[in-house]
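*Asks:* Let me begin by handing over the structure; questions about it come next.
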Amino acid sequence: MRAAVFHAPGTVVLEDRPIPAVGPGDLLIRVQAASVCGTDLRIFNYGHFKLAPGAHRVQGHETAGEIVATGDEVTGYAVGDRVSVTPNVGCGRCPMCLRGLNNMCPDYEAFGVSLDGGFAEYLLVPAFAVQRGNVFHLPAGLDYTQAALVEPFSCCLRGVRSVGIGPQDDVLVVGAGPIGAFTVMLARLAGARRIIVANRSRGRLAQLAGYGADTLIEVGDRDLVEAVKAETGGRGVDVAITAASSAQVQADAVQLLATHGRLNFFAGLSGRGGPPTVAIDTNRVHYQGLTLTGTTGSSNADYADALQIVGQGRVDLSGLLTRTFSVEDIHEAFAYAASGAGMKAGIAFGTDPSARAADLEQAGVPA
Ligand SMILES: [Zn+2]
Ligand SMILES: [Zn+2]
């Protein structure tokens, strides 16, 4: 099978690998849709603390497909089932896992990081990930493309939940990439009174109107705080979500909240030598009664809810996949995802079914 494999920072190699062997508790999935995440790009550029130097890893964690083999001890899943897989597998025992927060487990394993991921024709889900509930049956009628996109969407659901949006809220989303778009959809679904999207450049901004944004602010050289204050008659916004990796945006976001405003730091900061420390106006937090939250990833419970929202057709994620690349063109796919030219990049395999059947037979998977 073909797989896009991380070798070292800056090096991802298209390999021809054997189809993984299926153990008694494992599932083997034929990947039908996969999409590129900012995390994939970060691993490609900088590596990952869970990846020892020299370790090779199949990248990708936004993925959906069809089960083609199940181990003898597997129950609840069958060959032919349409499924998606959540990336972070918790240890199952720590205080975070016991609260259902597998995304906060300090001893997590993750597809595309410490386990081989979805940028391959076949994805092996090891027994412990099956048992921890990381494999989800897709709602009938939900296509694989949207199913792969549910993962980042579920992370946005977690972010939105942390600030509790309602019909009385003016909401600001900073950043007009896929995360900004998903967040706008969720704010709309939550009944926000008004949704403002601010972005440094025009680029992706115009697309956000189609997902429910009321007001688009091209920040350019303007001051973000001034621009938002001007739009809100000086009041500021009830909720702000930062979906742009910028220290300045994080500091500004504290300044543009209305009294009792809530802020979610969705995007993290990165950089060689470690992320910067950001100075924020804590007196504003104190005297205006602000709430600051941070979220990362999503729990399996968030994911289940997100899958239901998408499966019921309450939002349509498919427009966010703006270009699909063959796995052979993984470098182009990464460059496209990093360029900000479109939204999400998809990875496709496109092997003809008879070749796949031969591959599987060779791997000892019964047809
Ligand atoms: Zn992702
Ligand atoms: Zn744990």
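*Asks:* Since residue 71 meets every condition but one in (1) open to solvent by less than 20 Å² (accessible area, probe 1.4 Å); (2) under 20 Å from residue 154 (Cα atoms); (3) of a type outside the set (Ser, Thr, Tyr), which condition does it not meet?
*Replies:* So the condition that residue 71 fails would be (2).
*Asks:* Restricting to the stretch 177-201, name every residue that is out of contact with any strand residue (DSSP E or B) (no Cβ under 6 Å at 6 or more places or on another chain), buried (at least 17 other Cβ atoms within 10 Å of the Cβ) and assigned to a helix (DSSP H, G or I). Spell out how you get there, then give the answer.
*Replies:* Residues of the stretch 177-201 out of contact with any strand residue (DSSP E or B) (no Cβ under 6 Å at 6 or more places or on another chain): 177, 179, 181-182, 185-186, 188-191, 199-201.
Checking the rest, the ones that are also buried (at least 17 other Cβ atoms within 10 Å of the Cβ) come to 177, 179, 181-182, 185-186, 188, 190, 199-200.
Of everything in the stretch 177-201, those that are out of contact with any strand residue (DSSP E or B) (no Cβ under 6 Å at 6 or more places or on another chain), buried (at least 17 other Cβ atoms within 10 Å of the Cβ) and assigned to a helix (DSSP H, G or I) turn out to be 179, 181, 182, 185, 186, 188.
*Asks:* If you go through the stretch 88-106 one residue at a time, how many are part of a loop (DSSP other than H, G, I, E, B) and under 20 Å from the mean Cα position of the chain (by Cα)?
*Replies:* Going through the stretch 88-106 one residue at a time, the tally reaches 5.
*Asks:* Limited to the stretch 35-71, what total is found for residues that are more than 17 Å from residue 325 (Cβ to Cβ) and polar (S, T, N, Q)?
*Replies:* Going through the stretch 35-71 one residue at a time, the tally reaches 3.
*Asks:* In addition: In this structure, is residue 157 assigned to a loop (DSSP other than H, G, I, E, B) and under 15 Å from residue 305 (Cβ atoms)? Break it down into steps so the answer makes sense when it comes.
*Replies:* On the way: assigned to a loop (DSSP other than H, G, I, E, B): no; under 15 Å from residue 305 (Cβ atoms): yes.
No: the conditions fail for residue 157.
*Asks:* When only residues in the stretch 226-242 that are small (Gly, Ala, Ser) and open to solvent by less than 70 Å² (accessible area, probe 1.4 Å) count, which is farthest from residue 258 (Cα to Cα)?
*Replies:* First, the residues of the stretch 226-242 that are small (Gly, Ala, Ser): 227, 230, 233-234, 236, 240.
Now narrow it down to the ones that are open to solvent by less than 70 Å² (accessible area, probe 1.4 Å): 227, 234, 236, 240.
Numbers: 227: 14, 234: 9, 236: 5, 240: 10 Å.
That would be 227.
*Asks:* Checking residue 63 against (1) part of a loop (DSSP other than H, G, I, E, B); (2) at pLDDT 95 or above, which single condition isn't satisfied?
*Replies:* (1) is the only condition that residue 63 fails.
*Asks:* Additional query: Please give the number of the condition residue 204 fails out of (1) among the charged types (D, E, K, R); (2) open to solvent by 50 Å² or more (accessible area, probe 1.4 Å); (3) within 20 Å of the chain's Cα centre (by Cα).
*Replies:* Unmet for residue 204, out of (1) among the charged types (D, E, K, R); (2) open to solvent by 50 Å² or more (accessible area, probe 1.4 Å); (3) within 20 Å of the chain's Cα centre (by Cα): (2).
*Asks:* Identify the residue in the stretch 160-176 that is assigned to a loop (DSSP other than H, G, I, E, B) and of a type in the set (A, V, I, L, M, F, W, C) and, among all such residues, is most open to solvent (accessible area, probe 1.4 Å).
*Replies:* First, the residues of the stretch 160-176 that are assigned to a loop (DSSP other than H, G, I, E, B): 164-169, 175-176.
If we keep only those that are of a type in the set (A, V, I, L, M, F, W, C) too, we end up with 165, 176.
Numbers: 165: 24, 176: 2 Å².
The selected residue is 165.
*Asks:* Do we find a residue being under 25 Å from residue 318 (Cβ atoms) and at pLDDT below 95 anywhere in the stretch 139-154?
*Replies:* Taking the stretch 139-154 first, the residues under 25 Å from residue 318 (Cβ atoms) are 139-154.
When the remaining residues are screened for being at pLDDT below 95, the result is 141.
Yes - at least one qualifying residue is present in the stretch 139-154.
*Asks:* Same structure, new question: May I ask you to verify whether residue 350 is open to solvent by 40 Å² or more (accessible area, probe 1.4 Å) and not in a helix (DSSP H, G or I)?
*Replies:* Working: open to solvent by 40 Å² or more (accessible area, probe 1.4 Å): yes; not in a helix (DSSP H, G or I): yes.
Against the criterion (open to solvent by 40 Å² or more (accessible area, probe 1.4 Å) and not in a helix (DSSP H, G or I)), residue 350 qualifies.
The values are calculated or read from the model by the stated rules, or taken from the named source; none is laboratory data. Model, not experiment: these values are computed from the prediction. Positions of Cβ are generated from backbone atoms using ideal geometry, with glycine treated the same way; all protein chains shown enter the neighbour counts. Calculation scope for accessible area: heavy atoms of the full protein, side chains included, ligands and nucleic acids excluded. Shrake-Rupley method; radii C 1.70, N 1.55, O 1.52, S 1.80 Å.
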